[in-house]
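Remarks on the structure that follows.
The values are calculated or read from the model by the stated rules, or taken from the named source; none is laboratory data. None of these values were measured; they are calculated from a predicted model. With ideal geometry, Cβ positions are generated from the backbone for all residues, glycine too; neighbour counts draw on all protein chains shown. With ligands, DNA and RNA removed, areas are computed over all heavy atoms of the protein, side chains included. Shrake-Rupley method; radii C 1.70, N 1.55, O 1.52, S 1.80 Å.
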Amino acid sequence: MDTDTLILGAGAAGMMCAAHSGGRVLLVDHAKAPGEKIRISGGGRCNFTNMFAEPTNYISQNPHFVKSALARYTQWDFIALVDQYGIPWHEKTLGQLFCDTSAKDIIAMLRDLMAKTGVDLWLETEIGAVAHDGTHFVVQLKKAGSTRTVRAKNLVLATGGKSIPKMGATGIAYQIATQFGLEVTPTRAGLVPFTFSDQPFAAISGTSVPARITAGTTSFDEALLFTHRGLSGPAVLQASSYWHEGEAITVTIEPETDWLSRLKDARKATPRRQIGTALADHLPKKLAQHLDDLWGLKDQLANTTDARLQEVAAQLAVWSLMPAGTEGYRTAEVTIGGIDTDGLSSKTMEAKSVPGLYAIGECVDVTGWLGGYNFQWAWSSAMAAARAI
Ligand code: FDA
């Protein structure tokens with residue numbers, strides 16, 4: 001069978017690209033349904049974009065690469081599309097836009113757009129050998145027990161990254177890209193909880209506190225959640241994308257709080273209490289107890305010098321922790337790294353050395369922050385390719 005464009009992967013990027021590409025389009029996926037990650041995203045409500053999305057919210061070996069696609073198809077363009085379909089949405093926090101009702105609204109919208117442009121969608125289809133015969137890409141596709149050969153002028157890699165293999169993530173885009181001579185930068189799990197040896201936070205698991213988490217030189221102020229296995233919560237997931245194995249992270253408990261003044265006030269008001277008890281007035285009780293055990297905060301406030309209070313305030317500001325690792329691709333929301341942007345046109349997402357070969361979405365070495373940025377990259381990169389096709 002011949003087609004103009006064969007798109008591998010019916011996720012966010014693949015569907016968006018299929019819906020907006022001209023000519024005959026065949027979209028294939030090994031899953032039973034398209035857009036499975038959209039369906040489960042944002043707790044079932046899909047955080048489909050971020051009002052403040054800009055290039056600085058993305059990690060890539062070439063931080064400039066995202067600029068063109070993001071500028072040519074912005075969050076406002078996608079919001080307009082969502083509005084055109086009458087999908088109700090709201091801002092949750094920090095510019096993060098969610099569906100009011102269900103993430104399925106976004107999938108239904110993409111399916112409708114694809115139906116309107118006559119996209120052929122093959123589900124439960126395995127991708128076999130991929131070759132180029134000099135004029136066309138030739139791809140073996142196995143569907144319902146039979147193998148079909150598809151010839152296509154354009155081949156779009158949209159099979160995402162390695163995160164959540166249980167949901168069908170395979171990393172096949174990296175293999176095909178490598179086969180065609182493109183470089184792939186090292187990949188690792190991103191937006192992922194940290195794990196620690198010996199489960200140091202098991203006793204306070206479920207406790208949450210506003211915190212600043214710093215990995216390398218990058219910090220995020222949001223909630224920190226202590227878990228059985230380690231640390232999670234938005235601030236931790238964000239920082240995890242900037243963390244490398246063997247590095248310590250810094251936790252600042254309630255960065256907005258002037259802990260020294262607070263402790264001095266407590267010394268004046270309740271001099272007979274211990275430092276740890278005073279902390280429990282402001283922090284979740286379990287956390288205050290944990291810090292008390294960890295740092296020995298039994299001294300009575302009345303007998304405590306300014307220097308000692310300063311020391312405790314400093315501990316709360318710079319609590320250095322050494323993660324053993326992360327939960328890895330099993331729970332990571334994204335994959336950092338991927339198809340090297342050096343080999344792609346930032347305007348069209350086409351491989352510079354292989355005319356007709358495109359890579360879009362998460363399989364490319366572009367990773368967004370938590371908060372709708374990754375879907376915006378999927379939409380923007382998909383549109384860049386679709387407009388060129
Ligand atoms: P995506 O992974 O969506 O699609 C790839 C498709 O390719 C899949 O349908 C897969 O089945 C298919 N495929 C893979 N290998 C194949 C093979 N060998 N053969 C055939 N098909 C194959 N982002 C965001 O902005 N807001 C949010 O709210 C969330 N929430 C969220 C929650 C969870 C739990 C996860 C895991 C991730 C998120 N994300 C997110 C990230 C977001 O889901 C992700 O960045 C996009 O889905 C990437 O879109 P792609 O289309 O590139 O890949």
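Label-to-label distance for Thr170 and Lys285 is 5.3 nm, based on points extended 7 Å past Cα in the beta-carbon direction. Kirkwood radius and radius of gyration were both taken over the C-alpha atoms of the range 339-389, and their ratio Rg/Rh is 0.97. Placing unit charges on each Cβ (+1 for Lys and Arg, -1 for Asp and Glu) gives the chain a dipole about its Cα centre, and among Ser261, Pro284, Pro88 the Cα reaching farthest toward its positive end belongs to Pro88.
Which loop trypsin sites (Lys or Arg not before Pro) in the range 271-371, with loop taken from DSSP, have no more than 15 other Cβ atoms within 10 angstrom of their Cβ?
Details: sites: Arg272, Arg273, Lys285, Lys286, Lys298, Arg308, Arg330, Lys347, Lys352; in loops: Arg272, Arg273, Lys298, Lys347, Lys352.
Of the trypsin sites (Lys or Arg not before Pro), the ones in loops of the range 271-371 whose Cβ has at most 15 other Cβ atoms within 10 Å are Arg272, Lys298, Lys347, Lys352.
Calculate, in whole percent, how much of the Cα-Cα pair population of the range 93-239 lies beyond 27 Å.
50 percent
When the residues Phe52, Phe137 are ordered by accessible surface, computed with a 1.4 Å probe over the protein chains alone, the sequence from largest down reads Phe52, Phe137.
Please arrange Ser197, Ser232 by accessible surface area, largest first, computed with a 1.4 Å probe and ligands excluded. Please report the intermediate quantities before stating the final value.
Values: Ser197 80, Ser232 20 Å².
Sorted descending by solvent-accessible area, the residues read Ser197, Ser232.
Exposed loop sites are taken as GluC sites (Glu not before Pro) in a DSSP loop (any state but H, G, I, E or B) with at most 16 other beta carbon atoms within 10 Å; the longest stretch of the chain without one runs 257-389. In this Cβ point-charge picture (+1 for Lys and Arg, -1 for Asp and Glu), the chain has a dipole of about 520 debye about its Cα centre. Among the trypsin sites (Lys or Arg not before Pro) in the range 1-38, those placed in a DSSP loop whose Cβ has at most 11 other Cβ atoms within 10 Å are Lys32.
For the chain, what does the convex hull of the Cα positions come to per residue, in cubic angstrom? Expressed per residue, the convex hull around the Cα atoms of the chain is 140 Å³. Rg over Rh for the range 61-130 works out to 1.07, using Cα positions for both radii and the Kirkwood form for Rh.
I need the calculated FRET efficiency for the pair Glu245 and Val318, taking r as the beta carbon distance and R₀ as 25 Å, to the nearest 0.05. Intermediate results must be reported in sequence, preceding the final value.
On the way: r = 21 Å, r/R0 = 0.86.
Here the calculated transfer efficiency is 0.70.
Of the chymotrypsin sites (Phe, Trp or Tyr not before Pro) found in the range 282-389, none is in coil by DSSP with at most 15 other Cβ atoms within 10 Å of its Cβ.
Along the axis of the charge dipole computed for the chain (Cβ charges of +1 for Lys and Arg, -1 for Asp and Glu, origin at the Cα centre), the listed residues Thr101, Ile360, Leu294 are led at the positive end by Thr101.
Tell me the mean residue ellipticity at 222 nm calculated for the chain from its helices only (DSSP H runs of n ≥ 4, each -39500 (n - 2.57), averaged over every residue, nearest 500).
Computed mean residue ellipticity for the chain: -8500 deg cm²/dmol.
Is there a pair in Lys37/Lys104; Lys143/Lys166; Lys116/Lys143 whose C-alpha atoms are over 18 Å apart, and which pairs would that be? Over 18 Å Cα-Cα: Lys143/Lys166; Lys116/Lys143. The simple spin-label model puts a point 7 Å past each Cα toward its Cβ; for Glu311 and Ser197 those points are separated by 2.7 nm. The order of His228, His132 by accessible area, most exposed first and with a 1.4 Å probe, is His228, His132.
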